[in-house]
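The values are calculated or read from the model by the stated rules, or taken from the named source; none is laboratory data. Computed from a predicted structure; not experimentally measured. Every residue, glycine as well, gets a Cβ built from its backbone with ideal geometry; the counts of neighbours run over all protein chains shown.
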Amino acid sequence: MLRIADDLLPQSLLSYVAFRVALRETAGRLGRETFDDADSRAGYLAEVPFLRDVALAVQLDLLAETWDRHVSPKKHAATLIDESVLYAACEFAASLAEHRPERVTWCLRGGPLDVTVPVDETLAGELRGLYLQLSNDGDFLLIGQLLDLPPEEATEWKQKLGLDPARLELLFDVLGRWHPSPDLVGNLHGLVSVSEARDLSRRLHVPCTA
């Protein structure tokens, strides 16, 4: 279970939908990184401007890690990466539900859960509410706004806003990652089918534990 501030993220069908849609749609964009259309290249993490340029394979790895902690019977204090992934997945899935509902329907097919839900503005609102109802400060959204400031001024604002440098460092570390971890597919247990796990393993050149 993921604990964000004082709240636990509900292990619900709605969280499954958010993570599943973010995963499948982003995985479907692998190999498009050289396309001129930025929207076709961007994964779900583009919803967090600071993390927009994280490699798609690493975006999937981060989603898998957060999902694994979310479905764990143990309680895990969410990192800023976890918060970023959750926010981005919810916002990404909600936006698709509003503008490309057929993609949401496609993403939900063939998974480990048989999910049939009306894909409309109501679903979009529920997906956003999944994150917004949690008590959090959205620090990962603030960091991008500080990058254009001189170092001393940025440090001063971090102190004023109460941003923990140690927690923020995780976001910078992600920008330097280019390859997924060997645990990626194993961390997706409960989110992908056996055949999907094998396909991801083949495409990303990581072990398949399915």
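Given the criteria modelled with pLDDT of 95 or more, under 19 Å from Glu126 (Cα atoms) and not small (Gly, Ala, Ser), does Val85 qualify?
Yes, satisfied.
Looking at the stretch 18-31, which of the residues that are part of a loop (DSSP other than H, G, I, E, B) and of a type in the set (Gly, Ala, Ser) is modelled with the lowest pLDDT? Before you say what the answer is, go through the steps one by one.
Looking only at the stretch 18-31, we keep the residues that are part of a loop (DSSP other than H, G, I, E, B), and these are 28-31.
Pick out the ones that are also of a type in the set (Gly, Ala, Ser) and you get 28, 31.
Details: Gly28: 93, Gly31: 76.
The extreme case among them is Gly31.
Only one of Ser15, Ser72, Ser40 is of a type in the set (S, T, N, Q), modelled with pLDDT under 95 and out of contact with any Gly (no Cβ under 9 Å at 6 or more places or on another chain). Can you tell me which?
Ser40
From the set of residues in the stretch 47-69 that are in a helix (DSSP H, G or I) and charged (D, E, K, R), which is modelled with the lowest pLDDT?
Among those residues, the one meeting the criterion is Glu47.
Is it the case, given these coordinates, that Thr34 is in a helix (DSSP H, G or I) and either at pLDDT below 90 or out of contact with any Ser or Thr (no Cβ under 6 Å at 6 or more places or on another chain) (or both)?
no
Determine whether Leu142 is crowded, with 18+ Cβ neighbours inside 10 Å, closer than 20 Å to Ala77 by Cβ, in contact with a helix residue (DSSP H, G or I) (Cβ under 7 Å, 6 or more places away or on another chain) and modelled with pLDDT under 90.
Judged against the criteria, Leu142 is not a match.
Look at the stretch 76-120 and say how many of its residues are in a loop (DSSP other than H, G, I, E, B) and either small (Gly, Ala, Ser) or more than 24 Å from Val48 (Cβ to Cβ) (or both).
The number of residues fulfilling the criteria is 12.
Let me spell it out: the conditions are (1) in contact (Cβ under 8 Å) with a residue 24 or more places away in the chain; (2) under 22 Å from Phe172 (Cβ atoms); (3) crowded, with 19+ Cβ neighbours inside 10 Å, and Ala42 meets all of them except one. Which number is the exception?
Here Ala42 meets the rest and fails (1).
Within the stretch 109-123, is there a residue that is touching a residue at least 24 places away in the same chain (Cβ under 8 Å), over 20 Å from Leu200 (Cα atoms), crowded, with 23+ Cβ neighbours inside 10 Å and in contact with a Leu (Cβ under 8 Å, 6 or more places away or on another chain)?
no
Only one of these is closer than 21 Å to Leu188 by Cα, hydrophobic (A, V, I, L, M, F, W, C) and surrounded by fewer than 21 Cβ atoms within 10 Å (Cβ to Cβ): Leu30, Leu62, Leu56. Name it.
Leu30
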